[in-house]
Amino acid sequence: MHALPTLVALVAALLLTPPILRHLQAEGFTRENYRGVRLPFPGGIAIVAAGVLVVGLWTGFVLIAKLDPFDWDVQTELTYPLGVALLGLVDDLLAGESRGWRGHGRALLAGEFSTGALKAVGSLALALFALQVTAYVEGVGEYLLAVALLVLTTNLFNLLDLRPGRAAKAFLLLGALLSLIAWHGHTDFGSYAPLWVVGPLAAPILVVGFYDLKERTMLGDVGANLIGAVAGLWLIYAFDTTGQLIALAVVLALTVYGEFRSLSRLIERTPLLRQIDSIGRNEPHA
């Protein structure tokens, strides 16, 4: 029973993704990737479509059948990834030339509209709302720690989404690591493994991520934001305060590096990371 919503989400994503991408292509919603290949964009809406369908229908089924799907009010927390996906869609449609925190800061100081600033403030507001009723976060300190980890992880995956399949691969590797070292989550989390809680969104991420890897779509900020949001929730579900502090330090360090240097160059200069990053990717055209 625990895994059923995840399996349904997987099937939904497999069925919905191809027609959604064909529709984007047919309607002219395309964008050139880093190699100049024009692809359906933003493909991340397929993740949203499958996730919303399964989370909504499953919640209705649970209420009608009078089942207890989770040990806490997780439905409220799932509003965060869906909310930041919407903010990402706004960024995909209306973004200007500004990039990174510094670029968006300069745009604001110049009196210009910045979708990045909207996304940053909106993500913070959504995180504060989504985690307000979290039963396993006690005290203001733990609450703010979880909020910071959630928002910064969301932003980090946005920084990673510069090559086909990279964000989905990072999510897969993180999920495998968390499943190995913290399958049941921390002691205050509940009886469900964190995987099955994020599963209704994680399964579509892997499906659409495969299309992204094979250069059959580009995720866009709507997809990258959602992937980062689910990753952030998974970290919160998996670790206690100490683990979250360590995770926050790592995420913050990578974020700062990505803002002032280049995560892509770091990956390309590191043999192991470069090899992982290239797995499954299409060879450049001659």
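The values are calculated or read from the model by the stated rules, or taken from the named source; none is laboratory data. Model, not experiment: these values are computed from the prediction. A quick note on method: Cβ atoms are made from the backbone with ideal geometry, for glycine too, and the neighbour counts reach across all protein chains shown.
Observations
- Residue within region 203-216 that is charged (D, E, K, R), in contact (Cβ under 8 Å) with a residue 40 or more places away in the chain and within 25 Å of A148 (Cβ to Cβ) present: no
- Within the set V197, V222, the sole residue that is over 16 Å from G44 (Cβ atoms) and among the β-branched types (V, I, T) turns out to be V197.
- Counting only residues that are farther than 16 Å from L159 by Cα and part of a helix (DSSP H, G or I), region 210-231 holds 3 of them.
- In region 156-185, the residues that are over 16 Å from V207 (Cβ atoms) reach residues that are aliphatic (A, V, I, L, M) and not in a helix (DSSP H, G or I) with C-beta atoms within less than 8 angstrom, at least six apart or across chains, in these pairs: D161/L219; S179/A193; W183/A193; H184/A193; G185/A193.
Yes/no per residue for (1) of a type outside the set (V, I, T); (2) at pLDDT 85 or above; (3) under 18 Å from A193 (Cα atoms); (4) assigned to a loop (DSSP other than H, G, I, E, B):
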residue: P19; (1), (2), (3), (4): yes, yes, no, no
residue: G36; (1), (2), (3), (4): yes, yes, no, yes
residue: V52; (1), (2), (3), (4): no, yes, no, no
residue: V62; (1), (2), (3), (4): no, no, no, no
residue: Q75; (1), (2), (3), (4): yes, no, yes, no
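- Yes/no for R163 being under 24 Å from L266 (Cα atoms), in a loop (DSSP other than H, G, I, E, B) and more than 12 Å from the chain's Cα centre (by Cα): yes
- Scan of region 19-40 for residues that are surrounded by 14 or more Cβ atoms within 10 Å (Cβ to Cβ) and out of contact with any His (no Cβ under 9 Å at 6 or more places or on another chain), ordered by number: I20, L21, L24, Q25, T30, R31, N33, L39
- Filter pass, W234 being part of a helix (DSSP H, G or I), over 19 Å from K119 (Cβ atoms) and over 13 Å from the mean Cα position of the chain (by Cα): no
- Filter result for E259 (acidic (D, E), at positive phi and either outside any helix (DSSP H, G or I) or touching a residue at least 12 places away in the same chain (Cβ under 8 Å) (or both)): no
- Qualifying residue in region 190-201 (condition: touching a Pro at 6+ places or on another chain (Cβ under 9 Å), in a loop (DSSP other than H, G, I, E, B), buried (at least 17 other Cβ atoms within 10 Å of the Cβ) and among the aromatic types (F, W, Y)): yes
- Candidate set: region 162-172, residues that are within 21 Å of R261 (Cβ to Cβ) and of a type in the set (A, V, I, L, M); chosen: the one surrounded by the most Cβ atoms within 10 Å (Cβ to Cβ): A167
- The residue list L57, L7 contains one member that is over 19 Å from G223 (Cα atoms), modelled with pLDDT under 90, surrounded by 13 or more Cβ atoms within 10 Å (Cβ to Cβ) and not acidic (D, E), which is L57.
- Complete set of residues in region 6-23 that are in contact (Cβ under 8 Å) with a residue 40 or more places away in the chain, out of contact with any Lys or Arg (no Cβ under 9 Å at 6 or more places or on another chain) and over 11 Å from A50 (Cα atoms): L7
- Matching residues in region 237-254 - criterion: being assigned to a helix (DSSP H, G or I), surrounded by fewer than 19 Cβ atoms within 10 Å (Cβ to Cβ) and touching a residue at least 12 places away in the same chain (Cβ under 8 Å): T241, G243, L245, L252, L254
- Failed item in (1) in contact with a Leu (Cβ under 8 Å, 6 or more places away or on another chain); (2) of a type in the set (A, V, I, L, M, F, W, C); (3) within 19 Å of G228 (Cα to Cα), with L128 passing the rest: (1)
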